[in-house]
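Notes to accompany the following structure.
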Amino acid sequence: MEKSTAKTDSVFKTKKVYVPVYSDIYQRTRNDRTLLTSTLSIHNTSETDTLYISRLDYYNTEGKLVRKYIESTIFLNTFETLEYVVDEEDKTGGSGANFIIEWYGNEKLNPIFQAVMIGGLGNKSFSFTTDGVEVY
């Protein structure tokens, strides 16, 4: 899902965020895995400022790049949320997958980067979330 292109990022300092996601989790043994659907959500929490996303990459458990989600800078308007889904059948990430997101905008911006994983075992379903952390 690609939105409108931004003009320039030279005015703002780019920040980087790491968001852990899980394509699967171990069940009873290392060989018994449950596949999960993962949704990455990026929330622009500002009422006045645009959030620019310049990089959105998905890495697997071994730290290898699996997929680049955007080719050029996109933006989120005030209070806008952007979501990317890793389907349950997509095993490329593994149990230690992650997203790396580079973003910029007004210095007072405080966006939220989260992932929601959902899965099921038998007739039971479950979900859990992870939060992004700034990395340097």
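No lab work stands behind these numbers, since they all come straight from the coordinates. Since the model is a prediction, treat every value here as computed from it, not as a measurement. Because the Cβ atoms are built from the backbone with ideal geometry, glycine has one as well, and the counts that use them run over all protein chains shown.
For the range 22-78, state which trypsin sites (Lys or Arg not before Pro) are in a DSSP loop and have at most 12 other beta carbons lying within 10 Å of their beta carbon. Hits after loop and neighbour filter: Arg28, Arg30, Lys64.
Restricting the range 64-113 to GluC sites (Glu not before Pro) that sit in a DSSP loop and have at most 11 other Cβ atoms within 10 Å of their own Cβ leaves Glu71, Glu89, Glu107. Among the chymotrypsin sites (Phe, Trp or Tyr not before Pro) in the range 13-87, those placed in a DSSP loop whose Cβ has at most 14 other Cβ atoms within 10 Å are Phe79. If you plug the beta carbon distance of Val135 and Lys108 into 1/(1 + (r/R0)^6) with R0 = 22 Å, you get a FRET efficiency near 0.60.
Report, please, the projected area of the chain averaged over directions, based on the convex hull of its C-alpha atoms, in nm². With every direction weighted equally, the projected area is 8.9 nm².
3J(HN,Hα) along the range 27-35, derived from phi through the Karplus expression 6.51 cos²θ - 1.76 cosθ + 1.60 where θ = phi - 60°, amounts to 9, 9, 9, 4, 8, 10, 10, 10, 6 Hz, with x in place of Gly and Pro. Between amide H atoms placed 1.01 Å from N, distances below 5 Å from Thr73 occur with Ala6, all of them 5 or more places distant or on a separate chain.
Length gained on full extension, Phe126 to Thr48, computed as 0.36 nm times the residue gap minus the Cα-Cα distance: 24.5 nm.
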